[in-house]
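Note sheet for the following structure.
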Amino acid sequence: MVVEKYVNEDSGGVKHSSSEVLQKWRDVVYSRVMNPKRRFRFTVNLSMRFEAAAKRRNNQEKFRNFYWTSVAAYQFSGGFYTLPEEVKAAGFQICGDRLSSIVEGHDFNWLKFHGGVDGIAEKLCTSTNNGLSTDSDLNRRQEIYGINKFTESEVRSFWVFVWKALQDVTLMNLGVCAFVSLIVGIHMEGWPKGAHDGLGIVASILLAVFVTATRGYYQSLQLKDLDKEGKKISIRVTRNGYRQKMSKYDLLPGDIIHLRIGDQVPADGLFVSGFSVLIDESSLTGESEPVTVSTENPFLLSGTKVQDGWLTMMVTTVGMRTQWGKLMAAFSEGGDDKTPLQVKLNGVATIISKIGIFFAFVTSAVLVRGLLNRKWKEGTHWSWSGDEALEMLEFFMVGITIVVVAVPEALPLAGTLSLTFAMKKMMNDEALLRHLASCETMGSVTSICSDKTGTLTTNHMTVVKSCICMNVKEVREREDAFSMRSELPDSAVKLLLQSIFNNTGGEVVVNEAGKSEILGTPTDTALLKFGLSLGGDFQAERQASKLVKVEPFNSVKKRMGVVVELPEGGFRAHCKGASEIILAACDKVINANGEIVPLDKACVNHLTDAINQFASEALRTLCLAYMELENGFSAENPIPVSGYTCIGIVGIKDPVRPGVKESVAVCRSAGITVRMVTGDHINTAKAIARECGILTDDRFAIEGPDFREKSEEEMLELIPKLQVMARSSPLDKHTLVNHLRNSLGEVVAVTCEGTSDGPALREADIGLPLGIPGTEVAKESTDFVIQVDNFSTILTLTKWGRSVYVNTQKFVQFHLTVNVVALIVNFSSACLEGTAPLTAVQLLWVNMIMDTLGALALATEPPNDDLMKRSPVGRKGNFISNVMWRNILGQSIFQLLVIWLLQTKGKAIFHLEGPDSDLILNTLIFNTFVFCQVFNEISSREMEEIDVFKGILKNYVFVGVLSCTVLFQILIIEYLGTFANTSPLTLSQWFLSVVIGFFGMPIAAALKMIPV
């Protein structure tokens, strides 16, 4: 069928679509879709996107010219600078505009004029060591320099959505007919009797408009809230001399903040200290090459990203004074790209709309032809009474109303409603959705490539074993560490502590409570705790030697190195990293006596056995080493990669999270393959994977270096059986994801936390960075941000994704059933009897049940555990399944037979006589038809299960919608008959209408027993 063919087309390429591709797609689709403005009102505003891109390009030229302009201005003014009075009165010695021009323009002359970084700090009344003092008037500082927030577009008012809803072409046509009906009716029958028909239509139109506007307004508020939630970022700040975390929105000029690799620079500022800092400014300037930031080039711009190293910076400019703030103002429009499901639903809606318009035209034509034939036979075709004019007008309104019913604009909106509902609920599960399409894609996932640390494990690391000076010891308790220290030579302990406390990205600081607190990655924290348990003093060790060069840990090199200048003179390099890699860089080792001896084969075997033993116990192994350097070493020289002396090996315990094994088992039963991709030792990876239930006996593990040596053919044969990849690089993970997606047709989700995983995250169908340890760079490449580091949350996301897909299928099944019956009933009645049993007002009410109320009831069903017992839809699954066609056709045939029986035998069944018998019969048909939809809506809760009442009382939305539908139906029949062309019914007539409608439920249950 045409509809099925359209729905089953692959709608790939939606993720990360360029503006040009989106524009081409819209140019094609807009010409074929009815009411494109309303249909696409939640999509990206491409004109604003193009405008923002033009501004971005202009920025590049601005940055090139700004420096020379500022230099010229400085030379022209002779260094003269006038301080505004309000700034002076507040106690500051530099204004916000001057700070902005210094940093944006990279203006060394003005920076030097104000005394460099320390001079700027003094003029901002702050300290580069202790930060701002909360004793000072921070509110006054905020008044002078502004807040760190960007101007955002205001939420469109409710009346804007009302105006857009009124622009619906079919509703406008119906409104014109209602107006004519009102005028003619009042002229013929006077006020108020003659106005009833017209006012009934007007009231129905206004109700439809306000319901549509309310739905759109509510969804826009939800999307706005989710957008705000996604922009919340915590920053490490020093205030009052204490390290603390605060929102980036609370930053003020003068704040001292600490950034590491992967962080986004939250405001303009100046470099205070740091090592190996590379900044990616491509988001502002378009330049792909990273910029080195140091004391020689201290300028940092908001919106850029730390590509390498770590640093301390002083905030100088915030909010809309920054170039990033000005740029963000151009991007502050809401909306998102259409999701694949919405694209498919739009296509289905368009096809059905065209069919509906055809039926509407034919129905109106047949009705008008019948009236003209009757008048021709009577010989009155040249004379028309007011009643006949109203009858003709009613025929046109019926046709237009059929178009309203037939145009299923709720199909794409049902997808949006289900998605926004799921987004809100997922926030309660600590998962933030960044792209709307990702929610439904998550339900189709067939493969998950999971990181180990923090996802499968708790990310709370502790050193539990060590092999220092060739002696293997357990150090699970503090007493074990003291005991081990007493057995080690003092020289070895000194080297070990120097390595731990200097070769780290972490710190030991004093918090506001006066207690020591360890900051850093879980691995650094574990090592620092180990060093403190050995009796080490972090601050004393750092002050005793001077850091000359730092090479932060890199997931490609899998090592970190530093060079320190010793107090007695000379330089020493320390490195740590993957145990077998660092051990291979060593040619000496410290023995049990503290002596440095050559690393012979026996020593290598002993250390390798220790590594394997630690790894087999699911411990993460790290090797620590050092080497003496010549006195002529300079910070420009690279840190050596070989010639080291091995200090020892530590085994770090990172326990598996509770519930992970059960979650992996659920994924397997749901047809999802879980693969672990980690940088750890292969024995550690295998042990953890077995404990999690990932690695099974019929599958295998491989190391990254071996994987990347495989040919394309070997990879295609190997990957389906691959469950663990150890010692993997970012390129290995990217290659694996690429082959799973493009060669094997899998829908792939990737979880990770590091900056280097960006390529794999972008390549995957779904990117899932961990919100707590995950970097801002990783989060920007992804679709969800998981605020809790828990694999079971991924399972919940999958369940919600499947729920969105299935809920939309339920609604489509219900919608198409009503559509088919309403169209055929009015069309066949018009052709056979020359009348339409369902009037315009009645059809509008049916449309309300179908579109808004039906979408609200069925699209907001919460997920259940049975969803995870089904196989995933995959990349090319059929949207309208055979099960849906079975249910649609079965219910449609039942309802058509019921209405046909009522039309032909209804008067006899209900013993109707007299002048009002036709009106009462049409009321019974309308009432029975509505209750058929009420019970069909309940049956649609499950497409295959017979028990449709399971959990129904827990879904308050569904119960509320059904209750409102029944209540309004009673009001329409009993009290609004003048407007809706209905007549009050007796209790027996009500009872039979409800019973006939109820018969649809056992028929639906019988249909579900038919295999397809």
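The values are calculated or read from the model by the stated rules, or taken from the named source; none is laboratory data. The structure presented is a predicted model; accordingly, all values stated were derived computationally and were not measured. Neighbour counts run over all protein chains shown; Cβ positions are idealised from the backbone, glycine included. For accessibility, only protein heavy atoms count, side chains too; no ligands or nucleic acids. Shrake-Rupley method; radii C 1.70, N 1.55, O 1.52, S 1.80 Å.
In table form, for the structure just shown:
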{"quantity": "Condition broken by VAL820, with the remaining ones in (1) within 20 Å of the chain's Cα centre (by Cα); (2) of a type in the set (Val, Ile, Thr); (3) at pLDDT 75 or above satisfied", "calculated": "(1)"}
{"quantity": "Flag for CYS623 being in contact with a helix residue (DSSP H, G or I) (Cβ under 9 Å, 6 or more places away or on another chain) and either among the hydrophobic types (A, V, I, L, M, F, W, C) or not in a loop (DSSP other than H, G, I, E, B) (or both)", "calculated": "yes"}
{"quantity": "Selection within segment 632-655 - surrounded by fewer than 19 Cβ atoms within 10 Å (Cβ to Cβ) and over 30 Å from GLY570 (Cβ atoms)", "calculated": "PRO655"}
{"quantity": "Single match in SER881, SER939, SER871 (criterion: touching a Phe, Trp or Tyr at 6+ places or on another chain (Cβ under 9 Å) and touching a residue at least 12 places away in the same chain (Cβ under 8 Å))", "calculated": "SER939"}
{"quantity": "Subset tally (residues that are farther than 21 Å from VAL556 by Cβ, open to solvent by 10 Å² or more (accessible area, probe 1.4 Å) and touching a helix residue (DSSP H, G or I) at 6+ places or on another chain (Cβ under 8 Å)) for segment 719-747", "calculated": "5"}
{"quantity": "Test for LEU953: is it touching a residue at least 60 places away in the same chain (Cβ under 8 Å) and of a type in the set (A, V, I, L, M, F, W, C)", "calculated": "no"}
{"quantity": "Unmet criterion (only one of (1) modelled with pLDDT under 90; (2) part of a helix (DSSP H, G or I)) for PHE935", "calculated": "(1)"}
{"quantity": "Contacts under 6 angstrom Cβ, first residue in segment 908-934 being over 26 Å from ASN847 (Cα atoms), partner open to solvent by less than 20 Å² (accessible area, probe 1.4 Å) and in a helix (DSSP H, G or I), 6 or more apart", "calculated": "LEU912/LEU921"}
{"quantity": "Close pairs (7 angstrom Cβ cut-off, 6 or more residues apart or separate chains): farther than 23 Å from LEU301 by Cβ and part of a loop (DSSP other than H, G, I, E, B) in segment 82-107, at pLDDT below 85 and open to solvent by 30 Å² or more (accessible area, probe 1.4 Å) anywhere", "calculated": "GLN93/LEU83"}
{"quantity": "Which numbered condition SER616 fails, given (1) under 17 Å from GLY679 (Cβ atoms); (2) among the small types (Gly, Ala, Ser); (3) within 38 Å of the chain's Cα centre (by Cα)", "calculated": "(1)"}
{"quantity": "Qualifying positions in segment 938-968 - open to solvent by less than 50 Å² (accessible area, probe 1.4 Å), at negative phi and not in a helix (DSSP H, G or I)", "calculated": "SER940, ARG941, GLU942, MET943, VAL948, ASN955"}
{"quantity": "Residues located in segment 448-465, provided they are in a loop (DSSP other than H, G, I, E, B) and aliphatic (A, V, I, L, M)", "calculated": "LEU456, MET461"}
{"quantity": "PHE999 over 16 Å from PHE814 (Cβ atoms) and modelled with pLDDT of 90 or more", "calculated": "yes"}
{"quantity": "Any chance ASN981 is touching a helix residue (DSSP H, G or I) at 6+ places or on another chain (Cβ under 7 Å) and open to solvent by 40 Å² or more (accessible area, probe 1.4 Å)", "calculated": "yes"}
{"quantity": "Sole exception among (1) at pLDDT below 85; (2) under 30 Å from VAL87 (Cα atoms); (3) open to solvent by less than 10 Å² (accessible area, probe 1.4 Å) for ALA213, by number", "calculated": "(2)"}
{"quantity": "Residue within segment 219-237 that is at pLDDT 70 or above, among the small types (Gly, Ala, Ser) and part of a loop (DSSP other than H, G, I, E, B) present", "calculated": "no"}
{"quantity": "Residues (part of a helix (DSSP H, G or I) and surrounded by fewer than 16 Cβ atoms within 10 Å (Cβ to Cβ)) located in segment 669-717", "calculated": "SER669, PRO705, ASP706, ARG708, GLU712, GLU713, GLU714, LEU716, GLU717"}
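Matching residues to (1) modelled with pLDDT under 65; (2) out of contact with any Lys or Arg (no Cβ under 6 Å at 6 or more places or on another chain); (3) in a strand (DSSP E or B); (4) surrounded by fewer than 19 Cβ atoms within 10 Å (Cβ to Cβ):
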{"position": "SER273", "(1), (2), (3), (4)": "no, yes, yes, yes"}
{"position": "GLY309", "(1), (2), (3), (4)": "no, yes, yes, no"}
{"position": "LYS344", "(1), (2), (3), (4)": "yes, yes, no, no"}
{"position": "VAL348", "(1), (2), (3), (4)": "no, yes, no, no"}
{"position": "ILE357", "(1), (2), (3), (4)": "no, yes, no, yes"}
{"position": "VAL368", "(1), (2), (3), (4)": "no, yes, no, yes"}
